[in-house]
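Structure record follows, encoded as structure tokens.
The values are calculated or read from the model by the stated rules, or taken from the named source; none is laboratory data. Predicted model only: the values in this text are computed from it and were never measured. Every residue, glycine as well, gets a Cβ built from its backbone with ideal geometry; the counts of neighbours run over all protein chains shown. Please note that ligands, DNA and RNA were not included when accessible areas were found on the heavy atoms of the full protein model with its side chains. Shrake-Rupley method; radii C 1.70, N 1.55, O 1.52, S 1.80 Å.
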Amino acid sequence: MSKTSYYTAEGLKKLREELNQLKDIERPKASRAIAEARDKGDLSENAEYDAAKEAQGLLELRISKLEEIYANARLIDESQLDTSKALVLSTVKLKNQNNGMEMKYTLVAESEADLKTGKISVNSPIGKGLLGKKVGEVAEITIPTGILKLEILEITRA
């Protein structure tokens, strides 16, 4: 079952670069490692050969997964985003009603999430709770320590 993922131009470019890196550089390296291990003698007792084959299998699995993700990736047209409600690529200014703290997050695809830069996944509990909300609304999000109440102060495009 394929799942469509939405990406910014930057996120789609990073995905493509990672896929190219794995296919063009890592795959030949894995093949060379197997060939070198094979040249060292009896394969039935060659742990280096077994390790190289296992590493190649994991690499091929990762390439396959990335190819599927890339095939189902869709580029988001940022000019068409509605800023009246929180959607993917919206930057949302929030006020935590429990402690009065204000924060700003940009809602992004799961693969582009990076909390250090204020990018949270639309699939995260907070991201899901904010989706579709408008300025002035309060998102009530269940977290392990209770209920987090976040008031939406402002919505802008990323």
For the stretch 1-20, pairs from a residue that is among the charged types (D, E, K, R) to a residue that is open to solvent by less than 50 Å² (accessible area, probe 1.4 Å), with Cβ under 7 Å and 6 or more apart or across chains, are LYS3/ASN72; GLU18/LEU66
Considering only the stretch 147-157, how many residues are farther than 17 Å from MET101 by Cα and more than 25 Å from the chain's Cα centre (by Cα)?
-> 0
Residues being more than 13 Å from the chain's Cα centre (by Cα) and in a helix (DSSP H, G or I) - total across the stretch 1-12 = 1
Would you be able to tell me the number of residues in the stretch 1-37 that are among the charged types (D, E, K, R), more than 14 Å from TYR70 (Cα to Cα) and open to solvent by less than 90 Å² (accessible area, probe 1.4 Å)?
-> 2
Spans of strands (runs of 3 or more DSSP E) in the stretch 52-131 with at least 2 residues among the basic types (Lys, Arg) and open to solvent by 60 Å² or more (accessible area, probe 1.4 Å) | 90-96
What's the number of the condition ILE25 fails, among (1) in contact (Cβ under 8 Å) with a residue 24 or more places away in the chain; (2) part of a helix (DSSP H, G or I)?
-> (1)
Find the residue count for the stretch 90-117, including only residues that are touching a residue at least 24 places away in the same chain (Cβ under 8 Å) and among the small types (Gly, Ala, Ser).
-> 3
With LYS40, LYS14, LYS95 as the choices, which residue is among the basic types (Lys, Arg), out of contact with any Cys (no Cβ under 6 Å at 6 or more places or on another chain) and either at pLDDT 90 or above or closer than 18 Å to THR156 by Cα (or both)?
-> LYS95
Out of (1) within 31 Å of the chain's Cα centre (by Cα); (2) loosely packed, with under 11 Cβ neighbours inside 10 Å, the one LYS40 does not meet is (1)
Within the stretch 133-158, restricting to residues that are in a loop (DSSP other than H, G, I, E, B) and at pLDDT below 90, the one that is surrounded by the most Cβ atoms within 10 Å (Cβ to Cβ) is ALA158
